[in-house]
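Data block below; observations after.
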Amino acid sequence: MNDEFAAQGLVVVAVSDEDAKLVSDYVDSMGITLPVASGSRASGAYGVKGIPHSVLIDTQGKVAWSGSPYELSKGTVKEVLKGAKKRSTNFLAIPVEKEPEGRLAAPAKSMASGNPGKALSALRAISDDAKSTEAEKVGATTLIAAIDEHVKLLNDQAEGFVGARDVLKGLTVFDALAKEFSGPIGDAAKKRAEDIRKDEKLAKEIAGAEALARAQEQAAKLGSGKAKAKFQEVVDKHKGTRAAERAASMLRGKKS
Amino acid sequence: MKTLLALGFLALGSLAVVGFKSPAADGIQPGAEAPPLNAKTWFNHIGRPLELDNLGGNAVLVEFWATW
């Protein structure tokens, strides 16, 4: 049901109060792909007594339904999806709370649709333009600050991924920043990606991760016996990498 | 009096057990403002921590669960 509704714009998240390591291992071993939160105490505020428990939230941020996942009907979900926005999973997208008018409207839209590089150029032009009104300059400065904040967040996260040996994931972010932004932001990201790829140890992690991704793709098509063999291959051929650890974890998680 | 009261509660209690169960019986009531998720860490996600205030305009299904 979730896949069908995800395509229609339903955002599905799984929330646990457990600690990050426990959740991380579980997510890895079960191959879960949806966004999962750890260390959340929200279940208290939501009055959750037993789990699993589902809460459907409407486009106005109000609870539309709360109860057992097995009792949530498609009809209820369809109702809530009427007029719902589709959330961009593009991590470059920067939602802008109040859609500004006039000259700021287009850059704000670019930000929200995942083109912050384009937005940044336009906003700098507005900010530097002597003919811009005070309001326009202030508005542009605010939006530029939001872009800078988001770029910093992405850079920090990417470094975190690389540090945790999720190198491919980190590179995805740096490559995207390099492609999207010209100037110092893009250049810095490009250099970082190059340095990572040149690093011997990190290159091994990348190779392992790519092999694991291929194994996962194939596993989806093969029967469980052949799939297990693919993961075992990753464990054997990419020893010492995080990918090998994750493959081992998946082997433990998958019961034949 | 006490016995009557106790019997009364027992009766109500057994109603709940037997299955007087509406979707709203367990947990927050429909119509209420959805509380923030306040997660420490997000997996399978890049970017700002997912929070209801940056999901405005989206319909969200929150699945509360655990690894056990």
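Readers should treat all values here as calculations from the given coordinates under stated rules, not as data from a laboratory. Computed from a prediction, not measured in an experiment: that's the story for all the values here. Backbone-built Cβ (ideal geometry, glycine too); neighbour counts: all protein chains shown.
Write down the Å³ per residue value for the convex hull defined by the alpha carbon atoms of the protein assembly as shown.
170 Å³
Arrange A:Glu136, A:Glu217, A:Glu200, A:Glu210 by Cβ neighbour counts within 10 Å, fewest through most, would you?
Placing the least packed residue first, the sequence is A:Glu200, A:Glu217, A:Glu210, A:Glu136.
Place +1 on the Cβ of every Lys and Arg and -1 on the Cβ of every Asp and Glu in chain A, take the dipole about the Cα centre, and give the residue among A:Gln218, A:Gly47, A:Met30 whose Cα lies farthest towards its positive end.
So the residue we want is A:Gln218.
Using helices alone, what [θ] at 222 nm do you get for the protein assembly as shown, with -39,500 (n - 2.57) per DSSP H run of 4 or more residues, divided over all residues and rounded to the nearest 500?
Estimated from H runs of four or more residues: -17500 deg cm²/dmol.
Along region A:175-182, what does the Karplus equation 6.51 cos²θ - 1.76 cosθ + 1.60 (θ = phi - 60°) give for ³J(HN,Hα), rounded to whole Hz, x for Gly and Pro?
Couplings: 4, 5, 5, 5, 6, 7, 10, 8 Hz.
Sort A:Ile126, A:Ile94 so that the residue with the fewest other Cβ atoms within 10 Å of its own Cβ comes first and the one with the most comes last.
Ranking A:Ile126, A:Ile94 by Cβ neighbours within 10 Å, fewest first, gives A:Ile126, A:Ile94.
Please give the average number of partner chain Cβ atoms lying within 10 Å of the Cβ of each residue in A:11-22, rounded to a whole number.
Taking the mean over all residues of the peptide, I get 6.
When Lys and Arg each count +1 and Asp and Glu each count -1, what net charge do the other residues less than 12 Å away from A:Pro100, Cβ to Cβ, add up to?
Counting the neighbours of A:Pro100, the net charge comes to -1.
Which order do A:Ser110, A:Ser73 fall in if you start with the one that has the fewest other Cβ atoms within 10 Å?
Lowest to highest Cβ neighbour count: A:Ser73, A:Ser110.
For chain A, with only Lys/Arg (+1) and Asp/Glu (-1) charged at the beta-carbon, what is the dipole magnitude about the Cα centre, in debye rounded to 20?
Taking the Cα centre of chain A as origin, the dipole is about 840 debye.
Can you compute the FRET efficiency between A:Ser127 and A:Gln8 using 1/(1 + (r/R0)^6), with r the Cβ-Cβ distance and R0 = 45 Å? Round to the nearest 0.05.
0.70
Using the Karplus curve 6.51 cos²θ - 1.76 cosθ + 1.60 with θ = phi - 60°, what ³J(HN,Hα) values do you get for each residue of region A:140-153, in whole Hz, with x for Gly and Pro?
5, 4, 5, 5, 4, 4, 5, 5, 4, 5, 5, 4, 4, 4
Taking just the alpha carbons, could you work out the radius of gyration and Dmax for region A:201-253, both in angstroms?
10.2, 33
Once you charge only the Cβ atoms, +1 for Lys and Arg and -1 for Asp and Glu, what is the size of the charge dipole of region A:201-253 about its Cα centre, to the nearest 20 debye?
About 80 debye.
Contour minus end-to-end for A:Ala229 and A:Asp25, with contour as 0.36 nm per residue of separation and end-to-end as the Cα-Cα distance?
Gain in length upon complete extension: 71.4 nm.
Could you check what % of the DSSP bridge pairs in the protein assembly as shown are antiparallel, to the nearest 5?
Around 60 percent of the beta bridges assigned by DSSP in the protein assembly as shown are antiparallel ones.
Could you calculate the contour length gain from A:Lys109 to A:Lys221, that is, 0.36 nm times the residue separation minus the distance between their Cα atoms, to one decimal place in nm?
Length gained between A:Lys109 and A:Lys221: 36.4 nm.
What average count of beta carbons from other chains do you get within 10 Å of the Cβ of residues in A:79-90?
Taking the mean over all residues of the peptide, I get 3.
Go through region A:226-239 residue by residue and turn each phi into a ³J(HN,Hα) via Karplus (6.51, -1.76, 1.60, θ = phi - 60°); whole Hz please, and just put x for glycine and proline.
Once rounded to whole Hz, the list reads 5, 4, 4, 4, 4, 5, 4, 4, 5, 4, 6, 8, 10, 3.
May I ask for the distance between the Cα centers of region A:146-184 and region A:20-90, given as a whole number of Å?
The two parts, judged by their Cα centres, are 27 Å apart.
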